[in-house]
């Protein structure tokens, strides 16, 4: 049973509808042009449905942070959205809640879409405030009187208690957009109504996330096993007492990852065999792949992938799973010499009959490179929000959605 209202609970005909989306896209550092429009495309079903139901659709979104290289207007985002929606009128106004924005909202016709300027132009957007305090912000007090509904579709920004993600929920009837609804349904299936055995595959280099997720999902009985790859596996091996060699130790130190070793030692102590570590590794020697058994550590060469024995062991465990959560590659997948671990483990997940959910920038990039996206049951749009959810943290925007005014 859903703990929040959805777009099925409301008649949008003729209603001015504020929609918070996450259009935050990678920009070319030189041209500032959008390099990948997948974040925009992810919200098209919500925006299209609202338009077709006769709503006057007002889009709120952000791009980067003030002072960062990827901070920009949303003019190009609006053009891309217009190209995708084709027959639906999409306008853009370089104002968030001032007179220009207000006039543009008032002039909207049924079915039309208006993209407002980057909400982070407003300094109060990211203030650390409560939901009630954000509801009194200039953004909300200027825009809410012009609208009848608030739709939150921005799961990827749900871990942020910002004015545009939580401030409208006390003052406008609030529902989840289609993307938000799909994300929360998939995560519910992966963490609460989980078919067993459940396996979490954690790779990449985000040690803080991996440590917290491992402790939470093993401690709560959500996951039966956690499989490790990438830098995460190296860190877990070090915590298990393996000497990785000077080069690999120096790398972990330089990235400030050794600080997590004490917590990981505790996880290994508490959950023992439920954390699956590599049996062998692939190192770089003269630009080429060479596989070594873990018993052969330490090594003078950098560790860039898991080895063949580990791939087989991981694939076997994945093949028996009923639920799989994937975050992070098994190695330096960008280099073909060290792609095998990621390729074969991800292929095992894609072949599996289990319900699988994957998320994180490098995870999705690797799945796309390997042409395996279609083999995953659900690919999450969230990065930080996904990690916080999987770590057992409450997401402020989801909590606000659940407590919001009902339609």
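Every number in this text was worked out from the coordinates using simple rules, so none of it is lab data. As the structure is a prediction and not an experimental result, all values here were calculated from the model. Neighbour counts run over all protein chains shown; Cβ positions are idealised from the backbone, glycine included.
Remarks
- Considering only region 225-344, percent of DSSP beta bridges that pair antiparallel, nearest 5: 80
- Calculated translational diffusion coefficient of region 173-298 (37 °C, 0.692 mPa s; Stokes-Einstein with Kirkwood radius over alpha-carbon pairs) equals 203 µm²/s.
- FRET efficiency, 1/(1 + (r/R0)^6) with R0 56 Å, evaluated for residue 293 and residue 102 via beta carbons: 0.25
- Summed over qualifying helices (DSSP H, 4 residues or more, each -39500 (n - 2.57)) and divided by its residue number, the chain shows a 222 nm mean residue ellipticity of -10500 deg cm²/dmol.
- With eigenvalues of the C-alpha gyration tensor scaled by 5 and rooted, region 194-390, Å: 24, 20, 15
- Just checking the listed ones, 234, 335, 152: in the Gaussian network model of the chain with Cα springs under 10 Å, the one fluctuating most is 335.
- Its relative contact order, with pairs defined as Cα atoms under 8 Å and 6+ residues apart, puts region 194-390 at 23 percent.
- Our note on the geometry: Cα centres of region 380-407 and region 355-377, 22 Å apart.
- The chain: relative contact order as a whole-number percent, Cα under 8 Å and 6+ apart: 17
- Efficiency of FRET between residue 403 and residue 246 - r from beta-carbon atoms, R0 41 angstrom, step 0.05: 0.20
- For region 7-178, the calculated P(r) over all alpha carbon pairs, in 5 Å bins from 0 to the bin holding the longest distance, is 1, 9, 19, 23, 23, 15, 7, 2, 0 percent.
- Our analysis of region 119-231 gives Rg over Rh at 1.10, with the two radii drawn from alpha carbon positions and Rh computed by the Kirkwood formula.
- Modelled this way, with points 7 Å down the Cα-to-C-beta line, the labels at residue 32 and residue 336 are 3.8 nm from one another.
- With the simple spin-label model, which puts each label point 7 Å out from Cα in the Cβ direction, the residue 109 to residue 68 separation comes to 3.8 nm.
- Fraction in percent of alpha-carbon pairs per bin - 5 Å, region 300-407: 2, 12, 20, 19, 18, 12, 7, 5, 3, 2, 1, 0, 0
- Projected-area average for the chain over all orientations - Cα convex hull basis, square nanometres: 20.0
- Alpha-carbon centroid distance for the pair region 58-90 / region 97-172, whole angstrom: 15
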